Structures are given as structure tokens and as C-alpha cells.
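Where a number appears in this text, it was derived from the coordinates with a stated rule and is not lab data. Predicted, not measured: the structure shown is a model, and the values here were computed from it. No Cβ is skipped: glycine too gets one built from the backbone with ideal geometry, and neighbour counts run over all protein chains shown.
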Protein chains: 2
Amino acid sequence: MQPPLSSWSEGRAKNAIIDFVERVTCKGSPHYVRRPERIAVFDTDGTLWPERPVYIQAAFAIDRIKLLATQHAKWTEAPLAQAIIAGDIEKLSTASERRTQEILAWTHAGLSADNFEKIIVSWLLTAKHSTFGRRYTELQYRPMQELLAYLRINGFKVFAVSCGSVEFVRVFAEQTYDIPPEQVIGSAIVTRLEFEDGKPLLVKQSRIEGFDDGVGKPSGIRRFVGRRPIFAIGNSDGDQQMLQWVAANDGVRFVGLLRHTDPVREFEYGGNWRIGPPARVLLEARERNWTVVDMAKDWLRVFSERERESP
Amino acid sequence: MQPPLSSWSEGRAKNAIIDFVERVTCKGSPHYVRRPERIAVFDTDGTLWPERPVYIQAAFAIDRIKLLATQHAKWTEAPLAQAIIAGDIEKLSTASERRTQEILAWTHAGLSADNFEKIIVSWLLTAKHSTFGRRYTELQYRPMQELLAYLRINGFKVFAVSCGSVEFVRVFAEQTYDIPPEQVIGSAIVTRLEFEDGKPLLVKQSRIEGFDDGVGKPSGIRRFVGRRPIFAIGNSDGDQQMLQWVAANDGVRFVGLLRHTDPVREFEYGGNWRIGPPARVLLEARERNWTVVDMAKDWLRVFSERERESP
């Protein structure tokens, strides 16, 4: 068996993770946390997989919108939809996750929840990331997979927290990180029970029920999990309140912030992209001594094996 | 080790449960269901614990309202609150679960989620059921505990589904059935992140976010679990759509309906109570050959050991 976290280089981040896990799991430790309370939350876009040049669910929405646009004239009235149809990635990248989610909601109003899931599964089989030229399901971060495995072995239950479409992330998180759908928290398209030939099925409406980035994340986690986590990691200012909320809990807590610092293997954030580098949260992380993970320095590998074979 | 379901008498209901579990768990069976899809949902009030003379969360709300009423003059304007303060159980029993929930929401607006939990925990330590004279945490159904254990051993993940206050049910379901908070689905009081002396905490508002009995249950399950369950059990007409939705899934499904037929050990439903016997759903259960569990006939015991010692 490989030692835990073998894709993490020796250093402060790796030590902080191991130190935290040992303290909360060692019986007799004053920081011991019983198993059902070992809840870990991971932000999704940018923390578990790349979020550039656009969120994966936005890439999916683009393909759907293009496919369906000819049937829906009114879509072309919305500037964001126009950008999508025109393939204007820059404009898309400036749209909020919530706005993208609303546009996405249009593309499956009237579909049954089951059918929508099938569409996602089949899209993931063929769609490729524009920068890496690989299928999205091959772009999970290897060190994060190891971190999840390490936490699970130590009795943690891991939740993925997204403000985006939970339907999409559920399919994706299960395929990439083996996170079951019931452990994915996020916004969702409202469904309504309808009967078709006497058979009940849930039909998607075009309204979203969910929570926003930032202050909405702690409420969302509380709503779904019912407990305050003891481990949280994110990568953007939108994760700041989640990290603050977890950090402010009693006892030993792990709070981490991933920085995209790797222009060679992934991305180095900066410039004018909306999906930019963390600013406020990075200052706070430094001030409060949270664990800052530097992708370039702390990760020996970013993606799975294949990156070595075909760089 | 005791054989499974030892508090269930030999008969159709017990056989149906065992038959279903064996079919979906036996590798090579055409009905085999892989582990992550073995999702079971249980209604709560009346299915996992008694719901008469009032829902347990209503009993809790009564105590809270009485305690806090002197400080909130406007509460006494609402007829339901008047009934609560006057101890008018009959009037309360005619109120919907949702309405009771709204009144309950008043009693903890402004509290932090953590503090509210502490109040519930401490109430459960002393409050007693008016009919049985026992603490509520001693009133879980023994055959249901065995059923949950049997399902879990066979790789099922069990969810409790309530339209009522998820905050209350979460504390209660963990103490009585070892169901963790994240596997309790229900309505919830909206929380908002606020800062107190720079420390973030979630403060309850007086608004509810949730779903209604009946058609709301399938949507709620889908929202939280992300999958259609393969096992469902309920006890009232409010569970009908949930049972229909599960029954209509492809493959072998278990759909059960518990009937309260036991005036000696628990209750025999009938008469004019709002919390009455299932009507529409019982007809459908018979028509579609769902498993009807008759408390008086199918359960050798209703509660835990103590009922023998102190009848």
C-alpha cells in the first residue's frame, strides 16, 4: 500500500493535514472528535478540479444551449446566452456562477430528473477540456483524491459544496472522487412531481433553489449536513465565509486554501479574469495561520498518471 | 447474535422485507442493486415513533411557547398559539404539520443553530410522553430499529424524511435510531450568517425553507439524496406520493405502509383526529400489493424491553 498523500511534497501543508487528522482521531487526545462529527467539506470548482477557462457546468451549458438554441428564439435576447452561442468565452468567464446556473436551468426545464442525468453522463463521455484536451473526468486532482482517501480511512465523511448545479456536480463528483450524490451540496433546479401515463416522475422547472457563494455556503452546509464541519478547504474569496465558519468552531479545526500557482501543469491565477486569485481570503488565511496549499510547490503531481505520458 | 427482525412475527410483512433485501443484494440476481444505490427512506412521525396525541416537535413547541409567551404578546393573537398556551390538544391535533412548524419557528428566531440544538437535547432529557409516561427517546419502535439494522448490514443507507422541523428530528433521530443528521431530510428554519464579536455563527430566522407533505416529499428526497430510493415506508396519506414515486422506479422496489392497529400497546387510529388512519394510500397499497404492516399482528413488541417490565 502506498503511504498516504504520496503526491504531496514534504512540507508545511502535508504536515498540517497529517497533524490535524492524528489529533482528532487519536483516542485519549484532548482534541479527539468522535466519528459521526468528522465532517469535511470541499469546495468544488477550482478545489477538486480546474475551473478555467470556464466552470465545467458552464462548458456543459454552452454545448446544451448551442444544441437547443434554434428551438428557443427568446434565449438569444439574454446577453449571456448570446455570448454562449457566439462562443465568447471571455464574456462567459465574467458571469457569476449563479447567473451561469440560471442559464443552465433553461436548458433542462421540462426534462425529468432521470433524463437530465443521462444527458450529463453522455456529455461527460465525449466532451474535452479546451486547455488540456482530456475528458473532464480525467481532470480530478490526484493530491485531492489522496486527501479524500486519507480522510475517509480516518472515519471522515466528505461533502462537496458547490453553489452551482448540484445535478451536474453529483454525476461528476461520483465519477471522479467517488463522492455519492447525497454528499454533494449545492443549488438545485426545483422539481415538481408530475404524472405521465399514471407514472409519477419529477420534472424540472426553470426555477433554482439554492444558495449563493460566500455567506450562503455555511447556511447551505448546515441545511444539508446539520453539523458544523471540522475540516474545510476552498480556493476563492467565495469560500471565505465557509472557512471562517469552520475555523470559528470550538476545538481543533483544519482550514485550507488552495492557490493556483502552476502555469505549467495547471493555471497560475491572476489578471482580469473573474475567476481570479483569492484576495481577501488569502490575507485572512495568512493572518490566521490557515493552511495555504501552493499547487506548484506542494503538489508533486496535479492530475493522474497520464500527465507524465502525454504532457 | 439475534436473527434479523426478531420482533417481527412470521408472516407476509417480514417475508416481504427479507425477500426484497435478498433479491437486491444477491450478486448474480437479475434484481441486484449496487451498494451506493441502496437508498431507503422512512417517514418519521407515526412510522419511526408515535405521533399521537401530538407530533413530538409539537409537544416541544408547546413547552417552548408556554415558556416564552409572556415575552411575546403578539403570539397570543394567533389561534394556534392560543390553543397551545391553553393546552388545547384537540385543536393542536387538527393543525397541519407545516402550521405547527411555523409556530415552532417563532420560538427560536434569533437563536444560533448550536444553541437551539442544546435546548432540544436538554428538553429530551426530561420531557415525557403524555400517554406512555416515558421519555420520548425511549419510544422508538423496536421492530423498526431491527429493520434499520437489517438494511444497514445489507449495505443500505437509511434516510428519515420529515416535513417537520429537521432541526428537531435530527437530534431525535440520532438518539433513537442512530441516523446521522445528514441523513435526515425535512423542512428547516432558514439561517443567516452573522458575526458576533467577530465570530461567525448561523442565526435562525423565522422563515421556513422546506417542502410539504404529499407531493413535496419526492422533490425533497431528490434534492437531498440525488437518487430515487429503492425502499420506502410510511404510514399516512401524506406519504402516498413518496411511495408511488419509489414504487414506479424500475426494478424490484420495497414499498411499505405501517398501520396503527394496536389500542393496547400503542394506538388504533380512527375517529376524527387529523392524524388519522391512512385512507387513499391504504386503498392503493392493497390494489398494488404493497406491503401493509399491521402493528398489532406483525409486531411481537412495539417499544424496547421496558414495556414488559412496566406495562
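What to note about this one:
- Ranking of A:26, A:163 by count of other Cβ atoms within 10 Å, fewest first: A:26, A:163
- Among residues of chain B, the one whose Cβ lies closest to the rotation axis carrying chain B onto chain A, together with that distance rounded to whole Å, is B:224, 3.
- Computed Rg/Rh of chain A, alpha carbon atoms with Kirkwood Rh: 0.97
- Inter-copy separations for residue A:280, label at 7 Å along Cα-Cβ, nm, ascending: 4.8
- Among A:23, A:288, B:253, sorting on how many other beta-carbon atoms sit within 10 Å of each Cβ, with the fewest leading, yields A:288, A:23, B:253.
- Between this copy and the others, label points of residue A:69 are 6.3 nm apart in ascending order, each placed 7 angstrom from Cα in the Cβ direction.
- In degrees, nearest ten, helix B:113-126 long axis to first principal axis of chain B (Cα): 70 degrees
- Cα centroid separation - the range A:181-257 against the range B:4-43, whole Å: 31 Å
- In a DSSP loop and with at most 15 other Cβ atoms within 10 Å, the GluC sites (Glu not before Pro) in the range A:1-47 are A:10.
- Inter-probe distance in nm under a simple model that places probes 7 Å from Cα toward Cβ, at residue A:9 and residue B:19: 6.3 nm
- Computed E for residue B:90/residue A:175 - FRET, C-beta separation, R0 60 angstrom, nearest 0.05: 0.65
- Modelled this way, with points 7 Å down the Cα-to-C-beta line, the labels at residue A:206 and residue B:130 are 5.0 nm from one another.
- 19 Å cut-off, amide nitrogen to a point 7 angstrom out along residue A:109 Cα→Cβ, residues in the range A:201-224: A:202-210
- Folded to 0 to 90 degrees: helix B:142-153 orientation relative to chain B principal axis, Cα: 70 degrees
- In the protein assembly as shown, helices alone account for a calculated mean residue ellipticity at 222 nm of -11500 deg cm²/dmol, with every DSSP H run of four or more residues adding -39,500 (n - 2.57).
- Distances between copies of residue A:122, taken at a point 7 Å out from Cα along the Cα→Cβ vector and listed shortest first: 5.8 nm.
- By the count of other C-beta atoms within 10 Å, a proxy for reagent exposure, B:165, B:93 are ordered fewest to most as B:93, B:165.
- Counted by Cβ distance under 14 Å from residue B:85, the other residues give a net charge of +1, where Lys and Arg count +1 and Asp and Glu count -1.
- Taking a straight Cα-Cα cut-off under 23 Å and skipping sequence neighbours fewer than 8 places away in the same chain, the lysines within cross-link reach of residue A:204 are A:66, A:74, A:118, B:217.
- Excluding same-chain neighbours fewer than eight residues apart, the aspartates and glutamates reachable from residue B:14 by a Cα-Cα span under 12 Å are B:146, B:294, B:298.
- Translational D in µm²/s for the range B:194-305 (Stokes-Einstein at 4 °C, 1.567 mPa s, Kirkwood Rh from C-alpha pairs): 78 µm²/s
- The C-alpha atoms of chain A define a longest principal axis, and helix A:166-177 lies at about 50 degrees to it.
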